[in-house]
Protein chains: 2
Amino acid sequence: MNISAASKAAGLPVKTVRYYADIGLVEAPSRSEAGYRTYDDVAVRKLVFVRRSRAFGFSIEGCRELLNLYQDQDRSSSEVKRIASMRLEEIEEKQRELQSLHDELAHLVTSCRGDHMPDCPIIDYLG
Amino acid sequence: MNISAASKAAGLPVKTVRYYADIGLVEAPSRSEAGYRTYDDVAVRKLVFVRRSRAFGFSIEGCRELLNLYQDQDRSSSEVKRIASMRLEEIEEKQRELQSLHDELAHLVTSCRGDHMPDCPIIDYLG
DNA sequence: CCTTGACCTTCTAGTTACTGGAGAGATTAA
DNA sequence: TTAATCTCTCCAGTAACTAGAAGGTCAAGG
């Protein structure tokens, strides 16, 4: 499989597939005689794993940790759970921040008449 | 006022204060004979405005827009309201995304026993 | 007067996670 | 054979700063 086929199979852009090998997140693939990268199903499965992990908001370093556990037959599920729980807490923190941000801004928006007078509570608040 | 005083007054790191002038977000301050940047209250007020806008999640470009409106005596409050409302919608979209992310991950975490067996539903799902 | 330490300057480079493009070689289909 | 499509590497850019180096300035204490 050449890189574009692997990229389609994994659901990642070609550039990203190369990038993940460049930074050592996944193994560097073997090359054809002409120097083309060649991928097999195992490589694609790992790329899919990374894509899903990223979609969960894990950082590259987080993915690296998870990937090691994924590849480790002797892993304990408690370690995986610990990492996922940390990420869950980060998400919850972000949610709280976003909520207070939302409430404050919504308050300002509703208190602004939105007509053509230069008077504006949003600007007043920010300034 | 030298840069560190202005930085404290505005609630921004010194580096950031310099940076905002470098990219032309705020005016370049005048300089003392020795080349030190000197700030007045007006400059500080604009820095505070930027800090607050950033805290609301506006991008630098968004801040630039708002700052122009802030400095424009003839601004219409409808324009300000429009920009703030757009930002509010973005926040709400982000909240929805984060919520489904949270639910999915929370489901996986609770379904994982977290013991010392290599069996793990989180890994199974990702891989 | 001199030194010490805090403060200021510019410049470069690093961060995160890619993305875009140039220039050149390889492969495939017509 | 030629044109289109891949693929390669390398360089640069994105957002919004942050860190650190090398060096100039200023005020206070001895």
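The values are calculated or read from the model by the stated rules, or taken from the named source; none is laboratory data. Source: prediction; values computed, not measured. Methodologically, a virtual Cβ is constructed for each residue, glycine included, from the backbone with ideal geometry; neighbour enumeration extends over all protein chains shown.
Inspect all residues belonging to region B:55-65 and state whether any of them is within 16 Å of DNA strand C (Cβ to nearest atom), touching a Pro at 6+ places or on another chain (Cβ under 8 Å) and not assigned by TED's automatic domain parsing to the domain that holds B:ILE123. Within region B:55-65 (the criterion being within 16 Å of DNA strand C (Cβ to nearest atom), touching a Pro at 6+ places or on another chain (Cβ under 8 Å) and not assigned by TED's automatic domain parsing to the domain that holds B:ILE123), the answer is no, since none of the residues qualifies. Among the criteria (1) under 17 Å from the mean Cα position of the chain (by Cα); (2) more than 7 Å from chain A (Cβ to nearest Cβ); (3) away from DNA strand D (no atom under 16 Å from the Cβ); (4) not hydroxyl-bearing (Ser, Thr, Tyr), the one B:GLN95 does not fulfil is (2).
Might you check whether a residue that is buried (at least 16 other Cβ atoms within 10 Å of the Cβ) and either β-branched (Val, Ile, Thr) or outside any loop (DSSP other than H, G, I, E, B) (or both) occurs anywhere in region B:107-115? Scanning region B:107-115 turns up at least one residue that is buried (at least 16 other Cβ atoms within 10 Å of the Cβ) and either β-branched (Val, Ile, Thr) or outside any loop (DSSP other than H, G, I, E, B) (or both).
Condition check ((1) surrounded by fewer than 17 Cβ atoms within 10 Å (Cβ to Cβ); (2) within 14 Å of DNA strand C (Cβ to nearest atom); (3) modelled with pLDDT of 90 or more; (4) away from chain B (no Cβ under 14 Å)) across all residues:
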| site | (1), (2), (3), (4) |
| --- | --- |
| A:SER7 | no, yes, yes, yes |
| A:PRO29 | no, no, yes, yes |
| A:ASP41 | yes, no, yes, no |
| A:VAL44 | no, no, yes, no |
| A:SER53 | no, yes, no, no |
| A:SER76 | no, no, no, no |
| A:GLU79 | no, no, no, no |
| A:ALA84 | no, no, no, no |
| A:GLN99 | yes, no, no, no |
